[in-house]
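The values are calculated or read from the model by the stated rules, or taken from the named source; none is laboratory data. Quick caveat, the model's predicted, so the values are computed rather than measured. Glycine also receives a Cβ, built like all others from the backbone with ideal geometry; neighbour counts cover every protein chain displayed. Surface areas here come from the heavy atoms of the whole protein model, side chains and all, with no ligands, DNA or RNA. Shrake-Rupley method; radii C 1.70, N 1.55, O 1.52, S 1.80 Å.
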Amino acid sequence: MTQIHVRARPGDVAEYVLLPGDPHRARRIAQGYLEGATLYTEHRQLLGFTGTYRGVRVSVQTTGMGCPSAAIVTEELARLGARTLIRVGTLGGATPAVKPADLVVATAAVPNDGTTRQLLGGAPYAPAASFEVVEAAVRAAREHGVPHHVGLVMTEDAFYASTPEHARLWASRGVLGFEMEASAIFLVAAQRGLRAGCLTACSNDIGDPQLVPDDVLAGGVDRMIRVALGAIVTLAGG
């Protein structure tokens, strides 16, 4: 049967799925990186496409912004046969060491969000990426010659609530940056027996209200996508 939000049927969605938050980015990935990509859903602007990359069948599924939407999409993808999910998005840097357009490979996400709290009934938990996905992403970044950071991110709900002081406090605890979906994706994936990862390009420093110039960020996003697809090839045995 089709799902409520991701209007697709088993067979439409590949085993390997990239998860951008932005539907426009989903379309750009499908058209610019995949061969033979076809649209399998556009319900609620949660655009989903399936094509191939270097012989591996890959889907690109929009999650929307924030953990509630990302958790729904992850749950429904599990029901549709997905087995490896990699978020590809942006984050705000928590420290100047993470420079504009830098690639960040998340090992885990501090769950400062309401969705994971509800799913867990308030129990303490550490949403983590799958080791195999992190390992494959780091390998791909090295092979592509892409500078990268590997470590903690924080997942938050309130985009405009973060302050430079908040960012630097969490940077002192090892957090590289802030984003809005990883903790829910990691948790639901763990509950459903999926592998999951998160790659992000730095869009700004939390202490700087201005985003990275479009052309600079576009370069970072391109590198992130190529690393994510390279990781999928590795995970698929390529």
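What to note about this one:
- Meets criteria (over 17 Å from the mean Cα position of the chain (by Cα), in contact (Cβ under 8 Å) with a residue 40 or more places away in the chain, open to solvent by 10 Å² or more (accessible area, probe 1.4 Å) and closer than 18 Å to Ala97 by Cα) for Gly207: yes
- Consider the stretch 99-123 and keep the residues that are of a type outside the set (A, V, I, L, M), farther than 24 Å from Ala231 by Cβ and open to solvent by 30 Å² or more (accessible area, probe 1.4 Å). The one that is nearest to the chain's Cα centre (by Cα) is Asn112.
- Verdict on Pro127 being closer than 19 Å to Met154 by Cβ and open to solvent by 20 Å² or more (accessible area, probe 1.4 Å): no
- Filter result (out of contact with any Ser or Thr (no Cβ under 6 Å at 6 or more places or on another chain), surrounded by 13 or more Cβ atoms within 10 Å (Cβ to Cβ) and not charged (D, E, K, R)) within the stretch 135-147: Ala137, Val138, Ala140, Ala141, His144, Val146
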